[in-house]
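Before I ask anything, let me first share the structure, which is written out below as structure tokens.
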Amino acid sequence: MCTTILVDYDNGTVMGRNMDWDMDVNYHIIYLPAGFEYAKDLYGNPLKSKYKMLGLCFRNMNPLKDGVNEHGLMGSTNMFIKMNLFSSKVEAGKINISSLDYFNYALGNYRNVAELVEDLPNIHISKKDHLGNKVVTPDFHFYFADASGDSILVEPMDHKLTAIDNPYKVMTNSPPIDHHARALEKTFHQEGRKFQPAKDLPGGYDPVSRFVKAYYLNEHIADAITREDALENTYSILEALKIPEAFTKTKYDYTFTRYITVYDAGTRLLTVRSHMNPRIYSISMDDVKHLEDKTLLPIPRRIVTDPLYPSLKAPL
């Protein structure tokens with residue numbers, strides 16, 4: 001369960017996501033330099049990035065869950081549970097990788113959405129390596145955008161990654177995008193009655209309900225003029241879709257929103273806040289450009305309060 005949205009502003013675009021997860025994960029900001037070997041392909045060959053990457057990871061591991069590269073290509077991975085998404089064997093003549101590593105491959109090799117889409121036919125995702133051994137292959141789909149404002153949804157269909165235009169600027173989870181589109185039509189175009197958002201917007205946290213609510217809020221929030229406007233709008237929308245802690249019990253923990261990230265493509269900026277700490281932290285590619293190695297940066301998770309007027313002294 002995750003929600004990703006795009007919010008446009010004059011001459012720019014930001015992408016934000018809620019990371020909803022069902023177990024405790026030790027998440028960090030991660031920086032991966034150009035030339036870094038972040039994984040191996042399914043033939044055992046090293047996968048190295050051409051471009052610097054900055055994003056969020058779990059358990060200090062290399063796969064990014066969301067991020068931005070040095071050219072402003074940004075994206076998000078969300079769960080996409082569906083039967084038989086990926087092939088069970090490698091395909092000669094293509095880049096054979098796991099779905100776990102595709103997001104890093106994309107940010108590490110493409111400057112923009114156009115390059116990514118052009119290269120999609122050369123990518124093959126398999127659940128097994130060239131020896132027939134099973135590999136970790138999560139059911140993912142992906143959403144990408146770049147500094148020009150171009151964006152694309154990438155979903156697995158018939159064992160192939162497929163580029164899908166997404167005019168709704170929202171990605172949640174399965175079902176596929178056409179099912180979400182039908183849910184929008186059903187919600188907003190009920191014959192014989194006027195839509196009343198205060199009571200007609202869905203209140204659930206299932207993927208379809210979140211998709212409908214995110215789309216409506218994004219469409220009706222005040223237009224963003226500046227980057228700051230867009231950041232504020234995105235956090236406002238995602239806060240309305242945030243799943244509170246202890247809301248949904250799982251076998252070992254609870255499903256809730258672990259963090260919220262918002263990226264700006266133009267400034268290569270990452271902003272983040274944890275589920276318990278409302279303060280928003282930021283870091284950009286310019287801040288880490290001097291780093292030569294993989295670097296993990298912790299995010300303060302507990303609530304922090306600041307004196308409103310620190311210069312005032314209590315009266316005697």
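With the structure loaded, tell me whether Leu131 is in a loop (DSSP other than H, G, I, E, B) and aliphatic (A, V, I, L, M) or whether it fails that test.
Judged against the criteria, Leu131 is a match.
Could we say that Val208 is surrounded by 14 or more Cβ atoms within 10 Å (Cβ to Cβ) and free of Cβ contacts under 8 Å to residues at least 60 places away in the same chain here? I'd like the intermediate steps shown before the answer.
On the way: surrounded by 14 or more Cβ atoms within 10 Å (Cβ to Cβ): yes; free of Cβ contacts under 8 Å to residues at least 60 places away in the same chain: yes.
Answer is yes for this residue.
Can you say whether Val272 is closer than 18 Å to Phe58 by Cα and either modelled with pLDDT under 90 or surrounded by 13 or more Cβ atoms within 10 Å (Cβ to Cβ) (or both), as far as the supplied structure shows? I'd like the intermediate steps shown before the answer.
On the way: closer than 18 Å to Phe58 by Cα: yes; either modelled with pLDDT under 90 or surrounded by 13 or more Cβ atoms within 10 Å (Cβ to Cβ) (or both): yes.
Against the criterion (closer than 18 Å to Phe58 by Cα and either modelled with pLDDT under 90 or surrounded by 13 or more Cβ atoms within 10 Å (Cβ to Cβ) (or both)), Val272 qualifies.
Under the condition of being out of contact with any Pro (no Cβ under 7 Å at 6 or more places or on another chain) and aromatic (Phe, Trp, Tyr), which residue from the stretch 38-96 is farthest from Leu270 (Cα to Cα)?
Checking each candidate, the answer is Tyr43.
I've got another one for you. Of all the strands (runs of 3 or more DSSP E) wholly in the stretch 212-311, which have at least 3 residues that are at negative phi and in contact (Cβ under 8 Å) with a residue 60 or more places away in the chain?
254-264, 269-274, 295-297
Against the definition (crowded, with 16+ Cβ neighbours inside 10 Å and under 14 Å from the mean Cα position of the chain (by Cα)), how does Tyr110 come out, yes or no? Can you show your working first?
Details: crowded, with 16+ Cβ neighbours inside 10 Å: yes; under 14 Å from the mean Cα position of the chain (by Cα): no.
For Tyr110, the condition - crowded, with 16+ Cβ neighbours inside 10 Å and under 14 Å from the mean Cα position of the chain (by Cα) - is not met.
A further question on this structure: Looking only at residues in the stretch 33-61 that are crowded, with 19+ Cβ neighbours inside 10 Å and within 17 Å of the chain's Cα centre (by Cα), which one is nearest to Ile123 (Cα to Cα)?
Met53
Can you find even one residue in the stretch 279-289 that is crowded, with 22+ Cβ neighbours inside 10 Å, of a type in the set (A, V, I, L, M) and either within 17 Å of the chain's Cα centre (by Cα) or under 20 Å from Tyr51 (Cβ atoms) (or both)? Quick ask: steps written out before the conclusion?
Filtering the stretch 279-289 down to residues crowded, with 22+ Cβ neighbours inside 10 Å leaves none.
No: the stretch 279-289 contains no residue that is crowded, with 22+ Cβ neighbours inside 10 Å, of a type in the set (A, V, I, L, M) and either within 17 Å of the chain's Cα centre (by Cα) or under 20 Å from Tyr51 (Cβ atoms) (or both).
The values are calculated or read from the model by the stated rules, or taken from the named source; none is laboratory data. Everything numeric in this text was worked out from a predicted model, so none of it was measured. Note that each Cβ is placed from the backbone with ideal geometry, even for glycine, and that neighbours are counted across all protein chains shown.
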